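Novice: I'd like to ask some things about the structure below.
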Amino acid sequence: MVNNNKKPSPPKPDPDEDKKRREQMQRQIRFSIGYLIAGIIMLWLFQEFILTPMAIQATELSYSDFRQKLAAGQIVSVTISDNDIVGKMKNPDPSGSPAEMPFDTVIVTGSDPKLVEDLQAAGVKYGFQRPPSPAGALLLSWVLPLGLLAVFWYFAYRRMGAGAGGLGGIFGVGRSKATEVKAAEVGVTFKDVGGADEAIAELQEIIQFLKSPEQFARLGGRIPKGVLLVGPPGTGKTLLAKATAGEAEVSFFETSGSEFVEMFVGVGAARVRDLFEQARKAAPAVIFIDEIDAIGQSRAGAVRFGGNDEREQTLNQLLAEIDGFQTGVSAPVIIMAATNRPEVLDPALMRAGRFDRQVAVGNPDLIGREQILRIHSRGIKLVDDFDIGRAARMTPGFSGADLANVMNEAALLAARRNAEAVTLADFEAAIERVVAGLEQRTRVMNEQERRAVAYHESGHAMLAELTPHGDPVSKISIVPRSRGSLGFTMQMPTEDRYLLTVEELQDRIAVMLGGRAAEKVVFDRISTGASDDILRATELARRMVTEFGMSELLGSVRYAGQQLQYLGGAIEDSSNLSPKTRELIDAEVQRIVTEQYERARALLTAHRAALETLARRLLEQETLDGCAVQEALGVEEPEC
Ligand code: ADP
Ligand code: MG
Ligand code: ZN
C-alpha cells in the first residue's frame, strides 16, 4: 500500500470539461480564420508573381495605334479572338532588342470587317482563337488552387480536432502512437492466461463494469477507473490486460510509457490527450499503458538529468485526463497500466479515483505452470505420454514468458531431430538452453535450495501460529520472486494496531527469526537466506531499547539519535551517546534477539513433526494458504 500524503485535488467536474471544449473550439476557429487569410494572400501572390509573368508583359495598343502599325508594316503576326488581338510587332526602336515584342489590343467583334483583308494584304501571319470557355480559365486560376487549399485545411482542422493544437496537431507529433485493437480482433481471453487465478478474480469486476455499466451505476457506487498490474517481467501483465478487453469484448488501446517521453515539452502531454480522446470515441474500451514507470516516476525523486519538465507535464496531463473523464454508463473506459517497479511510481497516481486498484501478478506456482504449459502446448504435438505435471515440476521459478519460451524451444529441438512429437527429454534439453540464456533474470533453484527455503518459510509460518500474538498466516510460498527473495510468508493482521506491548514485539521478533531457527533445527546448518530477517529483527529490537524504553537495564530513556537526512537516506546521529551507553544498548539488543531466537528454536523442536509435514506439503505445492499451517499442527477445526 502506498500512503497518500498529498491532498487529493478535486476531480475535474463538468465545467472544466466544458471550458476545455470551448478552448478547443476557439483554437479551431482562430486557426481557420488565420488559415483563410494566409490562403488568400498566398493565392494572390501566386496569381501576381507566378501566373502573370508566365504570360510575358505585352504592350497595350489602342486600336488606332494597331491600325497604324499594321499600315506601316510593323505587325508580324496576330491571333484574333472574340474581344482582343494579341500578337507580335516589330520593336519601335529598329536597333533595339528584342527585335519583336508582344502586344495586345482590345477589339469588339464585328467592329472592323476589313481587318482580315488588310492583314492579308500586309502579309501578316494571322489566325483565330477558339472562344475560350470562361469556366476553364476560372477553374485553372481560382477554383483549383482554392480547392487544394480547402482540402489541406480540412485535414489540418481535423488533426487539431483530434487532439493537440498548434505544432503537435498539424504535423502529427502529438498523435498518440497507441494501436487500437477492435473488440472483435482482440482474440485473447482468460483461457489464454494460466496461473493467475487471483489476478483474474480481481479483474472480474472490471469486466462486469465494461459489459454492463448500468448495473454499477444503479447502486450509485463509484466506478473503477484505473487498474495497476504489478509484477516481474514476463508474468503476463500485458496478456492479462488484453484478455480483460477480450473477455469484456471491448476495444483495446495499447501503448507504452516510453512513447510519451519525448524531447519536446508538451508532446507527451498532447499524446496523452489524443489517446484518451480516441478511447472515448471507441468506448467501451480498455486503455493499456505498459511500463508506466517511464512517465509515472515520483516527481519528488532524485535529481534527474533533462526531460524533467516534459515528464512532469506528461504525468500531469495523464492525471488530469484520468480525473477528467467520466467513466460513465454511456462510455465506459478503463485504464490499465503495468509496471515492475511500483516503488518508483508517484503516489499521486495511486490515490483513490486513479490507479486505486492494484493487482499483483507473480511468477506461477506448480499448478499455474502446468496450466501455462498446457496453454502453450496447444499448437504443439506432444508425445501421448508427455507428463505436463512433471514438466511443471522441472521449472520452478520460471515466469509465464519463460515457460512459453521453453515449450517453443522444445518443439524446435524435436523438429531438429526429425521426431514425430515432442518428448519430455526435448523439454528438459530446452530448459537447459533457456536457463543458460536467462542469466540472472530468473532464479532457478536446485532441489537442495528448494528444501532449505521450504523449511525456512515453514519455520516463519509455524511461529506465527505458535506464538500467542503472532498475526495469522495468509499465504506461504516458495516461488522465487524477482527481487531476490526466494520465498515468502504473508501474515494478515486481524486488525490495525497502533499500540504494541513488549510481548507482541517479542513475538514478532520470534516470527522473523523462525526461518533461521527452522534451518538450524532441521539441517543443523544455517544459510545466508536469513540475512533480511536478521536485519529486521535487529532493527526492531534496537527500537525497543532506544525508542520504546523497553529495556529494564536502560530504562525509559530515549537513546535514539536524531534522524539526519543525508544524501537522500536517513542516518542515525548517535554522537551524543557515551561509549558505555552504546555498549549497553548493543548488549541489550543482542540479548533480546538471542532470547527470541532460542525461543523460536525451542518451539520448533517441540513441534518438529508439524514442521516436517508443512515443509513437505510446501515442497509439493509451492504455495499454501493459512489453513495448511493449522492443519499441519493438527488443529481440529482450522479457522482461516
Ligand atoms: P509482461 O507484460 O508481464 O512482461 P507478457 O504479458 O508480455 O508479460 O508475457 C509475454 C508472453 O509470455 C505472453 O505473450 C505469453 O505468451 C507468455 N505468458 C506470460 N505469462 C503468461 C501466463 N500467465 N499464461 C500464459 N502465457 C503467459
Ligand atoms: Mg509487458
Ligand atoms: Zn525468512
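Novice: Quick test of your reading of the structure: Arg542 fulfils all but one of (1) surrounded by 15 or more Cβ atoms within 10 Å (Cβ to Cβ); (2) at pLDDT below 80. Name the failing condition by number.
Specialist: Arg542 satisfies all of (1) surrounded by 15 or more Cβ atoms within 10 Å (Cβ to Cβ); (2) at pLDDT below 80 except (2).
Novice: Ok, one more. Can you find a residue that is among the polar types (S, T, N, Q), in the same structural domain as Val78 (by TED's automatic domain parsing) and touching a Phe, Trp or Tyr at 6+ places or on another chain (Cβ under 6 Å) anywhere in the stretch 114-121?
Specialist: No, the stretch 114-121 contains no residue that is among the polar types (S, T, N, Q), in the same structural domain as Val78 (by TED's automatic domain parsing) and touching a Phe, Trp or Tyr at 6+ places or on another chain (Cβ under 6 Å).
Novice: Can you name the condition, by its number, that Tyr559 falls short on among (1) loosely packed, with under 14 Cβ neighbours inside 10 Å; (2) hydroxyl-bearing (Ser, Thr, Tyr); (3) in contact with a Ser or Thr (Cβ under 6 Å, 6 or more places away or on another chain)?
Specialist: Of the numbered conditions (1) loosely packed, with under 14 Cβ neighbours inside 10 Å; (2) hydroxyl-bearing (Ser, Thr, Tyr); (3) in contact with a Ser or Thr (Cβ under 6 Å, 6 or more places away or on another chain), the odd one out for Tyr559 is (1).
Novice: Would you check if Asn363 is in contact with a Phe, Trp or Tyr (Cβ under 8 Å, 6 or more places away or on another chain) and assigned to a loop (DSSP other than H, G, I, E, B)?
Specialist: Here the answer is yes, as Asn363 does meet what is asked.
Novice: I would also like to ask the following. Just give me the residues in the stretch 247-263 being touching a helix residue (DSSP H, G or I) at 6+ places or on another chain (Cβ under 6 Å) and more than 14 Å from ligand 2 (Cβ to nearest atom), in sequence order.
Specialist: Glu247, Ala248, Glu249, Val250, Ser251, Phe253, Phe260, Val261, Glu262
Novice: Shifting gears a bit: Since Ile322 meets every condition but one in (1) in contact with a Lys or Arg (Cβ under 9 Å, 6 or more places away or on another chain); (2) outside any helix (DSSP H, G or I), which condition does it not meet?
Specialist: (2)
Novice: Can you tell me which residue among Ala421, Ala338, Ala392 is in contact with a Lys or Arg (Cβ under 7 Å, 6 or more places away or on another chain) and within 16 Å of ligand 2 (Cβ to nearest atom)?
Specialist: From the options Ala421, Ala338, Ala392, the qualifying one is Ala338.
Novice: State all residues of the stretch 429-471 that are part of a loop (DSSP other than H, G, I, E, B), at pLDDT 80 or above and buried (at least 17 other Cβ atoms within 10 Å of the Cβ); if no residue qualifies, say none.
Specialist: Selection gives Thr467, Gly470, Asp471.
Novice: Now a separate question. Return yes when Arg271 is surrounded by 19 or more Cβ atoms within 10 Å (Cβ to Cβ) and more than 13 Å from ligand 1 (Cβ to nearest atom) and no when it is not.
Specialist: So Arg271 fits the description; yes.
Novice: Another question, if that's okay. Considering only residues that are in a helix (DSSP H, G or I) and either acidic (Asp, Glu) or under 14 Å from Gln596 (Cα atoms) (or both), which ones fall in the stretch 521-534?
Specialist: Answer for the stretch 521-534, where residues must be in a helix (DSSP H, G or I) and either acidic (Asp, Glu) or under 14 Å from Gln596 (Cα atoms) (or both): Asp532, Asp533, Ile534.
Novice: Working only within the stretch 60-99, note down all residues that are in contact (Cβ under 8 Å) with a residue 12 or more places away in the chain, more than 16 Å from Val116 (Cα to Cα) and among the acidic types (Asp, Glu).
Specialist: Glu60, Asp65
Novice: Same structure, new question: Please work out if Leu70 is of a type in the set (A, V, I, L, M), assigned to a helix (DSSP H, G or I), surrounded by 10 or more Cβ atoms within 10 Å (Cβ to Cβ) and assigned by TED's automatic domain parsing to the domain that holds Gly123.
Specialist: Yes.
Novice: Taking the stated definitions as given, is Thr235 within 16 Å of ligand 1 (Cβ to nearest atom), farther than 23 Å from Arg351 by Cβ, within 21 Å of the chain's Cα centre (by Cα) and modelled with pLDDT of 90 or more?
Specialist: yes
Novice: Sticking with this one: If you scan the stretch 359-379, which residues turn out to be touching a residue at least 12 places away in the same chain (Cβ under 8 Å) and either within 16 Å of ligand 3 (Cβ to nearest atom) or surrounded by fewer than 16 Cβ atoms within 10 Å (Cβ to Cβ) (or both)?
Specialist: Ala360, Arg374
Novice: Could you tell me whether the stretch 218-225 includes any residue that is at pLDDT 80 or above and in the same structural domain as Ala285 (by TED's automatic domain parsing)?
Specialist: Yes, the stretch 218-225 contains at least one residue that is at pLDDT 80 or above and in the same structural domain as Ala285 (by TED's automatic domain parsing).
Novice: Can Gly353 be described as in a loop (DSSP other than H, G, I, E, B), away from ligand 3 (no atom under 16 Å from the Cβ), free of Cβ contacts under 8 Å to residues at least 24 places away in the same chain and surrounded by fewer than 21 Cβ atoms within 10 Å (Cβ to Cβ)?
Specialist: no
Novice: Please pick out the residue among Ala294, Ala270, Ala241 that is more than 29 Å from Thr189 (Cα to Cα) and modelled with pLDDT of 75 or more.
Specialist: Ala270
Novice: Suppose we keep only residues that are polar (S, T, N, Q) and within 23 Å of Glu370 (Cα to Cα) within the stretch 193-246. Which one would you say is farthest from ligand 2 (Cβ to nearest atom)?
Specialist: Gln204
Novice: I'd like the residue in the stretch 232-244 that is under 23 Å from Leu319 (Cα atoms) and either among the charged types (D, E, K, R) or touching a Ser or Thr at 6+ places or on another chain (Cβ under 8 Å) (or both) and, out of all such residues, is surrounded by the fewest Cβ atoms within 10 Å (Cβ to Cβ).
Specialist: So the residue we want is Lys242.
Novice: On to the next question. With respect to Leu505, determine if the residue is away from ligand 3 (no atom under 16 Å from the Cβ), surrounded by fewer than 21 Cβ atoms within 10 Å (Cβ to Cβ) and either under 35 Å from the mean Cα position of the chain (by Cα) or modelled with pLDDT under 90 (or both).
Specialist: no
Novice: OK, next. With respect to Lys225, determine if the residue is of a type in the set (Lys, Arg), closer than 24 Å to Ala331 by Cβ, within 16 Å of ligand 1 (Cβ to nearest atom) and surrounded by 23 or more Cβ atoms within 10 Å (Cβ to Cβ).
Specialist: Here the answer is no, as Lys225 does not meet what is asked.
The values are calculated or read from the model by the stated rules, or taken from the named source; none is laboratory data. If you're wondering where the values come from, they're calculated on a predicted model, not measured in any experiment. In this analysis, Cβ positions are derived from the backbone assuming ideal geometry, glycine residues included, and neighbour counts consider all displayed protein chains.
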